[in-house]
Amino acid sequence: MKGACPVDKLLAKALVIGNFEGKMNEMEVDKISNLPVDIVRRIFKYLPMREVVQTSLLSTNWRYKWLAAEELIFDRRCFRSSQRDSDVKLASFVNQVLLLHEGPISKFKIDNYLEKASSDVDRWLLVLSRKQLIHLVLTFRSGDYYKLPSSLFSLKHIKYLKLSLCLFSTPLSFGGFSCLTALDLQQVHITNETFQSIICKSPLLQRLQLISCYGLRHLSVTAPKLEWLFFHGDFDDLHFDVVSHLVEVTISLCNLADGGARGAVSRLEWYLRHLTNLKKLVFYNYFLKFLSTGIVPDKLSVSYCNLKYLRLHVNMEDSNQILAAFCLFRSSPNLEHIRIEAKPNKPLLLLDREGLWDASSTSNIGLTHVKVVEITGCVGLERELDFVRFFLIITPVLERMTIEMHKKAATNDSEQLKWVKNMLRFRRASSRAEGNDSRATDWSSYSRSGCIYNFVK
Amino acid sequence: MSESTEKKMVRLRSSDGEVFEVEESVAKVAKTLQDMLEEDCADAVIPITCVRAPILTKVIDYCKDQVMISSSSSTTNNPNERTEQERKAWGQKFMEGVDSSTLCELLVASNFLNIEGLLNLGVDKMVSMIQGKYPQEIRDMFNVVNDFTPEEEEEIRNQNAWAFERDPYYKKRSSSK
């Protein structure tokens, strides 16, 4: 406030809300500086952090307004990636902001920006735990696991929590996250017991993502409100219980797990028995292999009537996996979209079975609602053709079939052409396709470059 | 307006003394007025002390439109029903030509009268006006007077240096201006 204040600045200061009818020339009046703080907060919400801070330079009136911002988001959009000493700069900045900040902070996000955690982060979490935080994202680029301080577990209002490269240990007094609806853990170190305690004490949890978590060997999910689950990583064993709201599940098993012996109960039956309300199911990598180890039943005892979308990684040379796929088809009468990704798992004991594609093994499979079938990653195997033929016969209302060759398909052009020609000869159940004289035209293209063969209704 | 079913009218007085007569349903779009009306102060003229007549006119235009949409949306095959896209286009058109001074008053009015939809339109407009602008550009737009001494300005820049560092995007944008 040093120096002479221009006259109209003083006038602007004198002008308070509710007194706009003054006789001064409207265009000269600074109205933005007198906006109520609620409105300013709302405007800040839609501006990048960097620009929010820049408002401090407008005038003395604006110098500290930005500290009322409810959302503090530090990501790549707000800094330049080339800054080498950015960790130190960011830390000192966040320290300063939190020291001065007034009012609640609803969102705090440092996403993939900090190289690694420091003791500063402990302090931030302590402050945030007293600010009614709702949304927290704290992910680091590298470095050792950051041991989460106990203050994290006292975030009573937290609804969304995303953490990476952190080490979990819950304090004895941990009372749960009573508002938590979404939990996203990536490369965190967490024990079975801690994980279970968090899940059990977060009764509103709807979305759960676990990616490459270390230490979590027995994945046990008991979450009555859970709707969406994405898992990628390893486990020894898996257990679902009270998951009646679960509608979308993706499980990607990176290495073949042991699993326990279940006696006469097949793994398919055992692991999927609680997932009866599913609409969308995706199994990646070794999970189908895991489920198809041992006994593979024809059909599961429960029916997945809501299941519309099924996506599977199948090793085409493993008969058990194909039988497991058949089992899922039989148990899901209302499937509409199937995507099979041919994926040669590492050479394991392959169980080739005679007569796999005979009427007896494929009997009672009625994919009467399936409109779309996609088969990707084909390399030109006989088995892949078997699958194509099978789907064409069994799907009366099929509208589209897509077959995509693997990028590194070993077969040369002439072999591939032969393979495709074979495919074109198959009989089709869908009335929309049959009766067409020139079958080749049904496959909209089989150009070599794209290696995608489409069969359209 | 004077149809068989007599519509209840409400009178509003702007800060500069102009009285507006509107249907009750239009007034009730504003949550603040709805609460007042439900507590029954029907005959009186409701003073809107912080909103001038030209602004109140604009606010009433907005409320009338909301009533038109909602009253017709109950009937099937409604020609006035808007898709998300149409609504966005309508909002943009409604705020078109609103200058910075009017915008501030509209924000204050919609905040006071508690009209969430109009407040959102105003905030969107404000964000689109100031996003990516240098402090001096914002000052010019809204008649904010820079009352910092050069020393103070330097001090603020140094405190949060990262936020004021030039980045290529800003340079490009300002040179194209």
Can you work out ³J(HN,Hα) from phi for every residue in region B:138-147, in order, using Karplus 6.51 cos²θ - 1.76 cosθ + 1.60 and θ = phi - 60°, giving whole Hz and x for Gly and Pro?
-> 5, 4, 4, 5, 10, 6, 7, 8, 6, 10
Which shape class applies to region A:72-174: rounded if a/c is under 1.5, otherwise prolate when a/b exceeds b/c and oblate if not, where a ≥ b ≥ c are the square roots of the Cα gyration tensor eigenvalues?
-> oblate
Going by how many other beta carbons lie within 10 Å of each one, how would you line up A:R130, A:R428, fewest first?
-> A:R130, A:R428
Would you pull out the residues with amide H under 5 Å of B:I46's amide H, same chain only if 5 or more places away, H placed 1.01 Å from N?
-> B:R11, B:L12, B:R13
Gyration tensor verdict on region A:156-228 (Cα atoms; rounded if a/c is under 1.5, prolate if a/b is larger than b/c, oblate otherwise) = rounded
Got a sec? How would A:R267, A:R207 order by Cβ neighbour count within 10 Å, fewest to most?
-> A:R207, A:R267
What does the charge dipole of region A:86-153 about its Cα centre add up to, to the nearest 20 debye, if the Cβ of each Lys and Arg holds +1 and the Cβ of each Asp and Glu holds -1?
-> 140
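Between B:A44 and B:Q159, what length comes free when the chain is fully extended (0.36 nm per residue of separation minus the Cα-Cα distance, one decimal in nm)?
Length gained between B:A44 and B:Q159: 36.0 nm.
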Simple SL model, points at 7 angstrom along Cα→Cβ for A:D258 and A:L424; separation in nm is 5.3
Backbone HN-Hα couplings from phi across region A:91-104 [Karplus 6.51/-1.76/1.60, Hz, Gly and Pro as x] | 4, 5, 5, 4, 3, 5, 4, 5, 5, 9, 4, 10, x, x
Of A:K159/A:K279; A:K116/A:K162; A:K162/B:K88, which ones are farther than 23 Å apart at the Cα?
-> A:K159/A:K279; A:K162/B:K88
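If we count other beta carbons within 10 Å of each Cβ, what is the order of A:S361, B:S15, A:S292, fewest first?
Arranged by neighbour count, lowest to highest, A:S361, B:S15, A:S292 become A:S361, B:S15, A:S292.
None of the figures in this text is laboratory data; all of them are computed from the coordinates on show. None of the values given here were measured: they were computed from a predicted structure. Every residue, glycine among them, receives a Cβ derived from its backbone with ideal geometry; neighbour counts consider all protein chains shown.
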